[in-house]
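Peer 1: Handing you this structure, nothing more for now.
Here, each number is a calculation from the coordinates, and none is a lab measurement. All figures in this text were calculated on a predicted structure; none of them were measured in a lab. Because the Cβ atoms are built from the backbone with ideal geometry, glycine has one as well, and the counts that use them run over all protein chains shown.
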Amino acid sequence: MEAQLLACHALGVDRSWLFAHGEDIAPIKILDPLLARRMNHEPLAYIVGRREFYGRVFYVDPRVLIPRQETELLVEFALDWIRPRQGNRPKVLDLGAGSGCIAITVKCEFPQADVVATDISEGALDVARQNANALNVDIELVLSDMFAGLGDRQFDLILSNPPYIALSESLAEEVVGYEPRLALFSGQTGLELYERLAKEGASHLSSDGRLAVEVGYRQAISVAHIFTEHGWLHVGTMKDLGGIDRTVLFERAKRTPNDS
Ligand code: GLN
C-alpha cells in the first residue's frame with residue numbers, strides 16, 4: 001500500500017491509473033530517492049506531504065504531528081456535542097492544534113461554530129494556517145503555551161490531543177526520529193499536560209461546557225483522577241476502534257446553592 005502511494009506521488013497519478021498500467025516500467029530515478037527515504041523510516045505522510053483525516057486531506061511536514069486515526073474519535077464526540085447547539089455559535093477551542101486537523105474539521109462540519117486553535121509552535125501554526133486556507137475555513141490561530149495567550153476568554157467546548165508520551169518511553173523510529181518532540185513528549189510521566197489542563201482549564205470553560213481530551217494507552221484512569229482531584233466531573237470515557245480508552249470527557253463540577 002505504501003509503495004503504491006509513493007509511486008502515485010512520484011508519478012503524479014492516482015491508484016486507479018497505477019492498476020491500469022500495472023505492466024509499465026516505472027522510471028527508477030524518480031522512485032528510488034523516495035523509497036530510500038521510506039526505508040530510512042521517514043513516515044510516508046512526510047514524504048508525500050499529506051495525510052487524510054476525517055475524509056479531508058491535510059498538508060503535513062515535520063513541524064507537526066501526523067494526524068492519527070484514533071483522534072477522529074475526539075472529533076466525532078465534538079461534532080455530536082456541537083450539533084444540537086450549532087445555532088448558538090458555540091465557541092470551540094483546540095489546544096495544541098498542530099496541523100489543525102481537529103479545529104479545521106470542526107469548522108468544516110459546523111461553519112457556525114467559532115473555532116480557536118492554539119499551538120506553542122510557530123511552525124505548527126503556519127501548517128494549520130495553510131490547511132485552513134486550503135480547506136477554505138476561517139479559524140482563529142493563536143500562538144500560546146496552553147491557555148497563556150488566551151487572556152480570560154471562555155469557550156463552550158475545549159478539545160485537546162496534548163503531547164502525552166513519557167520521556168522514558170521508547171517509540172518506533174518512524175515516530176521518534178521524525179515527528180516533533182514538542183508534539184509527542186510531555187515530561188517524566190506523560191501526564192504533565194493533563195495536570196495543567198485540569199488546573200488552568202476550568203476558568204476558560206463556560207459553566208455548561210465540556211472538555212474532551214485524547215489520552216495515551218492506559219492513561220484514561222490516571223487522567224480522570226487528575227481532573228477529579230482538581231474538582232472536575234468525569235462524565236465519560238470513549239474507546240477507539242482498537243478497544244483502547246482514548247477520549248475522556250469532563251464538565252465543570254456544578255456548585256450547589258450553598259457553595260461560597
Ligand atoms: N491536534 C493535533 C493532532 O491531533 C496535534 C496534536 C499534538 O501535536 N500533540 O494531530
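Peer 1: Each residue of the stretch 46-60 in order: what ³J(HN,Hα) in whole Hz does its phi give by Karplus 6.51 cos²θ - 1.76 cosθ + 1.60, θ = phi - 60°, with x for Gly and Pro?
Peer 2: Per residue, the Karplus-derived 3J(HN,Hα) values read 6, 5, 8, x, 7, 8, 7, 9, 6, x, 10, 8, 10, 6, 9 Hz.
Peer 1: Next question, about the same structure. Residue-wise, which Karplus ³J(HN,Hα) couplings in Hz belong to the stretch 84-91, taking 6.51 cos²θ - 1.76 cosθ + 1.60, θ = phi - 60°, and x for glycine or proline?
Peer 2: x, 10, 4, x, 8, 6, x, 9
Peer 1: Tell me the mean residue ellipticity at 222 nm calculated for the chain from its helices only (DSSP H runs of n ≥ 4, each -39500 (n - 2.57), averaged over every residue, nearest 500).
Peer 2: -10000 deg cm²/dmol
Peer 1: Considering the dipole of the chain built from charges on the beta carbon (Lys and Arg +1, Asp and Glu -1) around the Cα centre, which of GLN86, HIS225, ILE25 is farthest to its positive end?
Peer 2: GLN86
Peer 1: Using +1 at the C-beta of Lys and Arg and -1 at the C-beta of Asp and Glu, which of SER207, ALA97, PRO62 has the Cα lying farthest in the positive direction of the dipole of the chain?
Peer 2: SER207
Peer 1: Could you give log10 I(q)/I(0) at q = 0.11, 0.18, 0.26 Å⁻¹ for the stretch 157-240, computed by the Debye formula over C-alpha point scatterers of equal weight, without solvent?
Peer 2: Scattering profile of the stretch 157-240, log10 relative to I(0): -0.32, -0.78, -1.37.
Peer 1: What is the dipole size for the stretch 141-242, taken about its Cα centre, with +1 at each Lys and Arg Cβ and -1 at each Asp and Glu Cβ, in debye to the nearest 20?
Peer 2: The dipole of the stretch 141-242 has a size of about 180 debye.
Peer 1: Of ASP14, ASP32, how do they rank once you tally other Cβ atoms within 10 Å and put the fewest first?
Peer 2: ASP14, ASP32
Peer 1: Here's another thing I want to ask about it. If I histogram all Cα-Cα distances within the chain using bins 5 Å wide from 0, what percent of pairs lands in each bin?
Peer 2: 1, 6, 12, 16, 18, 16, 12, 8, 5, 4, 2, 1, 0, 0, 0, 0
Peer 1: Ranked by Cβ crowding within 10 angstrom, fewest neighbours first, how are ARG51, ARG181 ordered?
Peer 2: The most exposed by this proxy come first: ARG181, ARG51.
Peer 1: Here's something else I'd like to know. So what's Rg/Rh here for the stretch 1-103, counting alpha carbon atoms and using the Kirkwood radius for Rh?
Peer 2: So for the stretch 1-103, dividing Rg by the Kirkwood Rh gives 1.12.
Peer 1: Using Cα-Cα distances under 8 Å and only pairs 6 or more residues apart, what relative contact order does the chain have, in percent?
Peer 2: Dividing the mean separation by the residue count of the chain yields 15 percent.
Peer 1: Mind listing the long-range amide H neighbours of LEU65? Cut-off is under 5 Å, sequence gap 5 or more, other chains count too, H placed in the peptide plane at 1.01 Å from N.
Peer 2: Under 5 Å from the amide H of LEU65: SER99.
Peer 1: List every residue whose amide H lies under 5 Å from the amide H of LEU205, counting only residues 5 or more places away in sequence or on a different chain, with H placed 1.01 Å from N in the peptide plane.
Peer 2: It is PHE155, by chain and number.
Peer 1: Another one. Using θ = phi - 60° and the Karplus form 6.51 cos²θ - 1.76 cosθ + 1.60, what ³J(HN,Hα) does each residue of the stretch 65-71 get, whole Hz, x for Gly and Pro?
Peer 2: Couplings: 5, 6, x, 9, 4, 5, 6 Hz.
Peer 1: Related question: So if I average 1/r over every pair of distinct C-alpha atoms in the stretch 42-175 and take the inverse, what Kirkwood radius in Å does that give?
Peer 2: Taking every pair of different Cα atoms in the stretch 42-175, averaging 1/r and inverting gives 15.2 Å.
Peer 1: Oh, and also: Would you compute, for the Cα atoms of the stretch 60-128, the largest minus smallest coordinate along each principal axis and list the three values in descending order, in whole Å?
Peer 2: Each principal axis gives a Cα extent; for the stretch 60-128 these are 37, 22, 16 Å.
Peer 1: Next question. For the stretch 58-109 and the stretch 198-242, compute the distance between their C-alpha centroids and round to whole Å.
Peer 2: Between the Cα centres of the stretch 58-109 and the stretch 198-242 lies a distance of 17 Å.
Peer 1: Which value, in debye to the nearest 20, describes the size of the charge dipole of the chain about its Cα centre when Lys and Arg Cβ atoms bear +1, Asp and Glu Cβ atoms bear -1, and nothing else is charged?
Peer 2: In total the dipole reaches around 400 debye.
Peer 1: Can you sort TRP232, TRP17 by how many other beta carbons sit within 10 Å, fewest first?
Peer 2: Fewest-to-most Cβ neighbours within 10 Å comes out as TRP17, TRP232.
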